[in-house]
Amino acid sequence: QLSILSFNQKMMTMKKRVAILGSTGSIGCQALEIIERYPNLFEAEVLTANNNTSLLIEQAIKFNVNAVVIADESKYSIVSNALDKYDIKVFCGIESIESLVCSDNIDIVLTAMVGFSGVKPTLAAIKAGKRVALANKETLVAAGSIVMNALKNSSSHIIPVDSEHSAIFQCLQGEYNLPDKILLTASGGPFLNWDKDKIREASIEEALNHPKWSMGKKVTIDSASMMNKGLEMIEAKWLFDVAPSQIEMVVHPQSIIHSMVQFKDGSITAQLSNPDMRLPIQYSFTYPNRLDSHIKKIDFKTLMELNFSKPDTDKFPCIRIAYEAIEMGGNIPCAMNAANECAVELFLDNSITFGEISKIIEQTIKTIDFVKEPSLEEILLTDKEARKIAYQIITKK
Ligand code: MN
């Protein structure tokens with residue numbers, strides 16, 4: 001016990017330098033809060049953003065980072081002009097992100113960007129042997145086998161940031177047995193108790209009104225359609241090497257239990273806390289250590305009840321679609337993810353109804369050419385092709 005403690009203390013005295021991919025998003029901002037709270041333990045070294053120049057500039061100055069990347073190349077001059085008088089390197093474009101995460105001055109790469117854009121930087125960080133704090137579930141959905149293969153040939157390791165997967169990861173610490181079953185909890189989103197017909201016609205505001213978690217728009221819409229749970233089921237399959245049939249979704253509206261693991265003797269371990277993403281983000285930085293956190297602690301004297309139910313796949317067809325997609329395997333989960341990203345965008349753009357999201361995804365999966373063991377190039381092609389198909393379905397409508 002003592003030696004573990006002193007080992008951990010030694011680990012914690014070495015300052016960790018962090019690259020935050022997607023620093024202006026919800027996860028990125030919360031990660032910076034943690035870095036700000038523990039300036040002796042962590043340092044923000046690289047920040048990247050898609051197009052939010054003003055917040056990226058503000059963060060870069062505040063944390064005196066080494067380098068920033070603005071993915072949108074047309075915005076390069078805005079950022080470079082604003083940071084001109086500071087000693088901060090400014091880059092643009094996706095390729096810059098890939099090369100920066102590999103630099104020697106990075107220990108942890110937090111992948112908190114939205115969607116498929118996470119695939120290449122995540123692979124680059126893995127090949128460079130970095131700790132990947134994985135907050136970008138779409139990478140594993142689209143390219144799970146490629147990512148897991150890359151991990152086998154590298155000194156890199158993934159620490160999940162998604163709250164459910166962080167919970168499962170925590171439940172498995174110190175465990176010598178493989179899980180028999182993973183119980184993946186779901187809040188159920190804003191439409192848990194709505195009628196099927198009402199869900200189909202839900203407005204943007206209603207879909208963005210998540211009862212438990214404050215998150216970015218993409219994941220909030222995914223939570224409303226419950227595609228988020230479908231993506232997370234596939235994420236869990238890859239991270240914990242279990243069959244989709246071993247992953248059972250459990251609706252748990254209070255979001256206190258963040259997921260559970262069942263072993264063959266029937267024993268279940270669970271991880272509980274009040275819902276706050278700063279906990280799994282912080283754990284991904286400090287693992288195998290833990291640090292104080294600001295989150296409100298659970299008080300069992302006031303915690304009235306925890307409820308559980310089965311998800312309704314008739315009301316939320318995206319759950320069924322995700323199980324079917326991972327069953328088909330190959331490039332199909334990638335196509336599903338691409339179609340979903342398009343559909344969410346179109347819904348937020350007022351171009352389609354909420355009910356059409358799942359229809360577009362299903363139609364895209366039916367249309368795309370099947371590739372059984374896709375290479376990275378074939379995954380990139382599938383993503384492009386699936387987006388094309390999804391948009392064609394809308395224009396033909
Ligand atoms: Mn989650």
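On the beta carbon distance between Met148 and Leu381, with R0 = 22 Å, the FRET formula returns roughly 0.60. Loop-located trypsin sites (Lys or Arg not before Pro) across the range 320-383 with a Cβ neighbour count of 16 or fewer within 10 Å are Lys372, with loop assigned by DSSP. Taking Lys and Arg as +1 and Asp and Glu as -1, the other residues whose beta-carbon sits under 14 Å from that of Asn228 total -2.
For the chain, the convex hull drawn through the C-alpha positions has a volume of 150 cubic angstrom per residue.
Take every DSSP beta bridge whose two residues both sit in the chain; close to 20 percent of them are antiparallel.
In this structure the chain gives 46 Å² per residue of accessible area when probed at 1.4 Å with all protein chains present. Label-to-label distance, Asn105 versus Arg278, with points set 7 angstrom from Cα along the beta-carbon direction: 2.8 nm.
Computed on the Cα trace of the range 354-397, the radius of gyration divided by the Kirkwood hydrodynamic radius gives Rg/Rh = 1.02. Here the accessible area of the chain is 51 percent carbon and sulfur, with a 1.4 angstrom probe and all protein chains present. If you take all other residues with their beta carbon under 12 Å from the beta carbon of Ile321, and give Lys and Arg +1 and Asp and Glu -1, the sum is +1. Within a straight-line Cα-Cα reach of under 17 Å, Lys130 can be paired with the following aspartates and glutamates, leaving aside sequence neighbours fewer than 8 residues apart in one chain: Glu43, Glu45, Glu98, Asp104, Asp107.
Summed over qualifying helices (DSSP H, 4 residues or more, each -39500 (n - 2.57)) and divided by its residue number, the chain shows a 222 nm mean residue ellipticity of -14000 deg cm²/dmol. Relative contact order for the range 123-178: 41 percent, from Cα pairs under 8 Å spaced at least 6 residues apart, divided by residue count.
Listed by chain and number, the aspartates and glutamates whose C-alpha is less than 12 Å from the C-alpha of Lys196, apart from same-chain residues fewer than 8 away, are Asp312, Asp314. Largest GNM mean-square fluctuation among Gln246, Gln30, Gln173, using the chain with Cα springs under 10 Å: Gln173.
The gain in end-to-end length when the Lys388 to Ile298 segment is fully stretched comes to 27.7 nm, 0.36 nm per residue minus the alpha carbon separation.
Post the alpha-carbon centroid distance, the range 60-92 to the range 195-249, in whole angstrom. Cα centres, the range 60-92 to the range 195-249: 34 Å.
Percent relative contact order of the chain, based on C-alpha pairs within less than 8 angstrom and at least six residues apart?
The normalised contact order for the chain reaches 14 percent.
Modelled spin labels at Met14 and Arg290, positioned 7 Å past Cα toward Cβ, are 2.4 nm from each other. Full extension of the chain between Phe370 and Lys217 yields a length gain of 52.1 nm, computed as 0.36 nm times the residue separation minus the alpha carbon distance. Within the range 229-292, all pairs of alpha-carbon atoms sorted by distance into 10 Å bins from zero give the percentages 17, 45, 36, 3.
Would you mind checking Lys212/Lys237; Lys152/Lys237; Lys16/Lys296; Lys137/Lys217; Lys310/Lys359; Lys127/Lys229 for any pair whose Cα atoms are more than 18 angstrom apart?
Check vs 18 Å cut-off fails for Lys212/Lys237; Lys16/Lys296; Lys310/Lys359; Lys127/Lys229.
Largest first, the extents of the alpha carbon coordinates of the range 36-133 on the three principal axes equal 33, 33, 21 Å. Taking only the C-alpha atoms of the range 271-397, Rg followed by Dmax gives 19.8, 57 Å.
Per residue, the average separation of C-alpha pairs within less than 8 Å and at least 6 apart gives the range 274-346 a relative contact order of 17 percent. Distance between the pseudo-spin-label points of Ser267 and Thr353 (7 Å out from Cα toward the beta carbon): 5.1 nm. Rounded to the nearest 20 debye, the dipole size of the chain about its Cα centre is 500 debye, using +1 on the Cβ of Lys and Arg and -1 on the Cβ of Asp and Glu. Each peptide in 261-271, 142-152 gets a packing score, the mean of other Cβ atoms within 10 Å over its residues, and the list from highest to lowest is 142-152, 261-271.
Extension gain for Lys310 to Asp197 (0.36 nm times residue separation, less C-alpha to C-alpha distance): 38.7 nm.
The values are calculated or read from the model by the stated rules, or taken from the named source; none is laboratory data. Nothing here was measured: the structure is a model prediction, and the numbers come from that model. So basically every Cβ, Gly included, is an ideal-geometry build from the backbone, and we count neighbours across all protein chains shown. Calculation scope for accessible area: heavy atoms of the full protein, side chains included, ligands and nucleic acids excluded. Shrake-Rupley method; radii C 1.70, N 1.55, O 1.52, S 1.80 Å.
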